[in-house]
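In what follows, a single structure is set out as structure tokens and then discussed.
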Amino acid sequence: MIRVKNLTKVFHGETDVTALTGINLNVEAGDICGIIGMSGAGKSTLLRCIALLERPTEGSVEIDNVDISTLSGKELTRLRKSVGVIFQGYNLLMQRNVLGNVCFPLELDGMKKREREQRAMELLEIVGLRDKAKAYPAQLSGGQKQRVAIARALAANPKILLCDEPTSALDSFTTSSILDLLTDINRKLGVTILIITHEIGVVNAICNKVAIINMGAFVEQGEVKKVMQNPESPVTRMLLGIRGEEMPCGK
Ligand code: ADP
């Protein structure tokens, strides 16, 4: 579903920043794959490359066997719709109520008012927020805002949902409920999920695959059970809180 081959991303400026080097990743249909690493490791940049928001400097990203670098214009717009994204900080429109927020991408897509409101209400049902349709973002809790963001990301029936630190601002109870919702979306709607996080608990709770990233490169990846039972990289061991591991500064 997602195939990243030898991806390198350099940000050019006064001094060039190499955010990612030699990234290879295969996410199969139906996976919930976690990308875990410390702050500045390159997680968001990778997500932005997969979300078609950044162009790789080298290498490629394939979505459903299509190399996205070969696309432009309408083809790119069409492919973008098959990838839903939940950003850190929710990115809700504060002047619109919950229904208006979920309707927004459908409105941009030219769907008629009645149809889009019906679809938005179905999505609000899925995320358990039907009764909040008329509320404004300022009247919602963090967990509820995240549910609105998830409903909006699902509006175009994406095959893939990319989640950037979806629970980093939430308490542990709300985190569990959001992770349960993502698992439901994966199982019931068949959406493949890629989740960026710095919390090992998130990976253990819902992911079947994991890749550990440090200083722009993967240091270890595979089935969650295998990696957790036998962590080979010092970075993984440190993220797992294994005693004796110090902050690593390379592979
Ligand atoms: P993470 O999400 O793991 O915290 P990021 O992907 O945000 O890491 O950042 C990885 C590296 O790339 C950091 O050194 C960061 O400063 C740099 N970086 C990210 N975005 C840009 C940008 N637009 N321009 C220049 N450097 C950037």
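The values are calculated or read from the model by the stated rules, or taken from the named source; none is laboratory data. Every value quoted in this text rests on a predicted model; they were computed, and no experiment measured them. Glycine also receives a Cβ, built like all others from the backbone with ideal geometry; neighbour counts cover every protein chain displayed. These area figures cover heavy atoms from the full protein model, side chains too; ligands, DNA and RNA do not enter into them. Shrake-Rupley method; radii C 1.70, N 1.55, O 1.52, S 1.80 Å.
Listing for the model above:
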| quantity | calculated |
| --- | --- |
| Residue check, Glu62 more than 19 Å from Ala135 (Cβ to Cβ), away from the ligand (no atom under 16 Å from the Cβ) and touching a residue at least 40 places away in the same chain (Cβ under 8 Å) | yes |
| Complete set of residues in segment 182-199 that are buried (at least 20 other Cβ atoms within 10 Å of the Cβ) and away from the ligand (no atom under 16 Å from the Cβ) | Leu182, Ile185, Val191, Thr192, Ile193 |
| In segment 25-68, the residues that are among the basic types (Lys, Arg) and buried (at least 16 other Cβ atoms within 10 Å of the Cβ) | Lys43, Arg48 |
| Some residue of segment 9-23 being without any contact (Cβ under 8 Å) to a residue 12 or more places away in the chain, more than 16 Å from the ligand (Cβ to nearest atom), in a loop (DSSP other than H, G, I, E, B) and of a type in the set (Ser, Thr, Tyr) | no |
| Which numbered condition Leu182 fails, given (1) within 19 Å of Gly143 (Cα to Cα); (2) part of a strand (DSSP E or B); (3) aliphatic (A, V, I, L, M) | (2) |
| Qualifying residue in segment 66-75 (condition: more than 25 Å from Pro166 (Cβ to Cβ) and touching a residue at least 12 places away in the same chain (Cβ under 8 Å)) | yes |
| Among the residues listed as Thr175, Thr167, Thr236, Thr192, the single one being in contact with an Asp or Glu (Cβ under 6 Å, 6 or more places away or on another chain) and closer than 25 Å to Ile126 by Cβ | Thr192 |
| Top-ranked residue in segment 160-179 [being away from the ligand (no atom under 16 Å from the Cβ) and assigned to a loop (DSSP other than H, G, I, E, B); ranked as most open to solvent (accessible area, probe 1.4 Å)] | Asp171 |
